[in-house]
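Notes to accompany the following structure.
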Amino acid sequence: AIRIKDVLPKDACIIIPPNVTGIRYFSQRSIYVDYKSNIHSKKYLSQADVRRKELYNMTLDARRSGKDLVTEGAIYYSNMDTSGFQKLKKDGATHVLTKVGHKLYLPEVIRNNEYIVYKL
């Protein structure tokens, strides 16, 4: 995340898997949606619900079910393809963070042994 801070523009908005934490804090960049953020304005809540559904297949009902939504959401996220992520650019997303094995057909910005950041 510290390297992301050095590479991405300050106005970047990063799409992240639900099981990745600390990116917002260490990178000092915006996150498209955080799977656990809840207390905000009514407008944000409805927007966040839509975004959680798009990225992690999480719904309000599922959140109340007691299931391990982080693991299920990470699996759903890891199956998203390039076009699925590109659709989110219209809503302000600028970059996507994936595990190294999750190949997207987008320009690669930075990588380490575990993750890749792509530019939308």
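FYI, it's all coordinate maths here, none of it is from the lab. Fair warning: this is a prediction, and the values are worked out from it, not measured in the lab. Counting neighbours? That spans all protein chains shown, and the Cβs are built from the backbone with ideal geometry, glycine included.
Descriptive notes on the structure:
- The chain: angle of helix 42-56 to the longest principal axis, Cα-based, in degrees nearest 10: 70
- Distance from the alpha carbon centroid of region 1-34 to that of region 47-79 works out to 19 angstrom.
- Whole-Hz couplings from phi, Karplus 6.51/-1.76/1.60, listed for region 113-120; x for Gly and Pro: 5, 10, 10, 10, 10, 9, 9, 7
- Of the chymotrypsin sites (Phe, Trp or Tyr not before Pro) found in region 57-120, those that fall in a DSSP loop while having at most 14 other beta-carbon atoms within 10 Å are Tyr105.
- Under 5 Å, built H, 5+ apart or other chain: amide partners of Val109: Val117, Tyr118, Lys119
- Cβ-Cβ distance of Thr59 and Tyr25, R₀ of 22 Å, FRET efficiency by 1/(1 + (r/R0)^6): the value works out to about 0.25.
- In the chain, the longest principal axis of the Cα atoms and the axis of helix 69-78 are about 40 degrees apart.
- For region 92-102, the Karplus equation 6.51 cos²θ - 1.76 cosθ + 1.60, evaluated at θ = phi - 60°, returns couplings of x, 5, 10, 9, 10, 9, 9, 5, 3, x, 9 Hz by residue, with Gly and Pro reported as x.
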